[in-house]
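Below is one structure, written out as structure tokens, with a few remarks after it.
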């Protein structure tokens, strides 16, 4: 009876492991720089996030009902985990000791073990030949005892083996880089992930629905305005866009100032004329600047421009009928509840910056976003698009050029 129950448990575990999403995501850079400093990963479906260093590996893992066995003070590391062909086991030894290293499956059967006299310090071993499954790694010395979970995604092609690599007091072997870690993140099939990568002044955004292990390559593109503000970029279809509202602010006017022919800049809710003071307004740091059309035409950084009506249409046609939802930031931190249909799966991250109207009033903050195009309609009007918290569509219309709207620039081609 006991053997039957154990067999059932293993069959269930094997099925769950096979069904769980268990992917390894590496990162690389190209374009204006190939270095990746850090990556923020947002699971837009689950509303969770993690931050990694550029050399880290993201482990997307489904919950199969087996919790990690935590290690004391982080003194035991297994990398990569899950492993394919091999993994490096690193741990600290507090005092000279005969040390037993063992690997057991979940039934308690020992797969491999070795015993070695180790001196105080950090030691690393290479693990080979572990079949597909979940295992417990134990390190037992005279005055210490560590344990951790090892997941193997490989198939056993050779005899299981644990091979000594190095000690931190030794010059033998290749030393493991301590700056590299495997960072776990819960993931289920179909979840939308948004990756924001930073490399110095460069930042780029990619959205993805992972279906397997892969390397994500970020194409870094310089986007810096005349105020030295740096902007993340995102590629949608064959266009490269700013992934944040423009915040270039050479001057600032209260909402009572109107002009069709002179560039005018506003910060939502600010009525003063001090640029320095306006930049301390939280609406500036979150939503950027509102521009009349004359200002919007020349505000973009060098190598970028205010998109035409046709360029907006190219993107929204590519995204489809639910383009507004695919462009809006998810959740209700900035958007008013219910922020209908917001998935942000384009990576555009539209924010509800509101507007300044033709009778000098600020409004629609948290409710709507309005974005200028460069296309005139008549001497006093121009095309723009807008989105609201109540819909998942993008509207296209035109209005007087004195309005204050947000700007998203598109890269020159």
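The values are calculated or read from the model by the stated rules, or taken from the named source; none is laboratory data. Values in this document were obtained by computation on a predicted structure and should not be read as measured data. Glycine gets a Cβ as well: all are built from the backbone with ideal geometry, and neighbour counts include every protein chain shown.
Beta carbons closer than 7 Å, at least 6 apart along the sequence or on distinct chains, pair a first residue in region 139-150 that is assigned by TED's automatic domain parsing to the domain that holds residue 110 with a second that is in a strand (DSSP E or B) and modelled with pLDDT under 80 for 139/76; 146/76; 148/76.
The sole residue among 197, 181 that is more than 22 Å from residue 81 (Cα to Cα) and not assigned by TED's automatic domain parsing to the domain that holds residue 314 is 197.
Looking at region 292-311, which of the residues that are within 17 Å of residue 355 (Cβ to Cβ) and touching a residue at least 40 places away in the same chain (Cβ under 8 Å) is farthest from the chain's Cα centre (by Cα)? Walk me through it before giving the result.
Narrowing region 292-311 to residues within 17 Å of residue 355 (Cβ to Cβ): 292-296, 299, 306.
After this cut, where a residue has to be touching a residue at least 40 places away in the same chain (Cβ under 8 Å) as well, the list is 292-294, 296, 299, 306.
Working: 292: 33, 293: 33, 294: 35, 296: 29, 299: 28, 306: 26 Å.
Here the residue is 294.
Check region 209-222 and report whether any residue there is in contact with a helix residue (DSSP H, G or I) (Cβ under 6 Å, 6 or more places away or on another chain), under 30 Å from residue 22 (Cα atoms) and surrounded by fewer than 17 Cβ atoms within 10 Å (Cβ to Cβ). Checking region 209-222: not a single residue is in contact with a helix residue (DSSP H, G or I) (Cβ under 6 Å, 6 or more places away or on another chain), under 30 Å from residue 22 (Cα atoms) and surrounded by fewer than 17 Cβ atoms within 10 Å (Cβ to Cβ).
Select, from 115, 169, the only residue that is surrounded by fewer than 16 Cβ atoms within 10 Å (Cβ to Cβ), at pLDDT below 90 and not in a loop (DSSP other than H, G, I, E, B). So that I can check it myself, show each step before the final result.
On the way: 169 fails: not in a loop (DSSP other than H, G, I, E, B).
Going through 115, 169 in turn, just one is surrounded by fewer than 16 Cβ atoms within 10 Å (Cβ to Cβ), at pLDDT below 90 and not in a loop (DSSP other than H, G, I, E, B): 115.
Kindly check whether there is at least one residue in region 236-245 that is crowded, with 17+ Cβ neighbours inside 10 Å and within 25 Å of residue 380 (Cβ to Cβ). Break it down stepwise before answering.
First, pick out the residues of region 236-245 that are crowded, with 17+ Cβ neighbours inside 10 Å: 236, 240-245.
Next, from what is left, pick out any that are within 25 Å of residue 380 (Cβ to Cβ): 245.
Yes.
Counted as qualifying within region 1-85 are the strands (runs of 3 or more DSSP E) with 1 or more residues that are modelled with pLDDT of 80 or more and on the phi > 0 side of the Ramachandran plot, namely 22-31. In region 384-400, is there at least one residue being surrounded by 21 or more Cβ atoms within 10 Å (Cβ to Cβ), closer than 25 Å to residue 317 by Cα and more than 33 Å from the chain's Cα centre (by Cα)? No, region 384-400 has no match at all.
When the test is whether a residue is assigned to a loop (DSSP other than H, G, I, E, B) and farther than 18 Å from residue 324 by Cβ, residue 402 passes it. Can we say residue 177 is within 30 Å of residue 126 (Cα to Cα), in a loop (DSSP other than H, G, I, E, B) and either at pLDDT 95 or above or out of contact with any strand residue (DSSP E or B) (no Cβ under 8 Å at 6 or more places or on another chain) (or both)? Yes, satisfied. Scanning region 288-335 for residues that are touching a strand residue (DSSP E or B) at 6+ places or on another chain (Cβ under 9 Å) and closer than 17 Å to residue 365 by Cβ gives 288, 289, 290, 291, 328, 329, 335.
Restricting to region 265-278, what's the tally of residues that are in a loop (DSSP other than H, G, I, E, B) and in contact with a helix residue (DSSP H, G or I) (Cβ under 6 Å, 6 or more places away or on another chain)? Steps first, answer last, please.
Taking region 265-278 and keeping what is in a loop (DSSP other than H, G, I, E, B), we get 267-274.
Next cut, in contact with a helix residue (DSSP H, G or I) (Cβ under 6 Å, 6 or more places away or on another chain) only: 267-270.
The total comes to 4.
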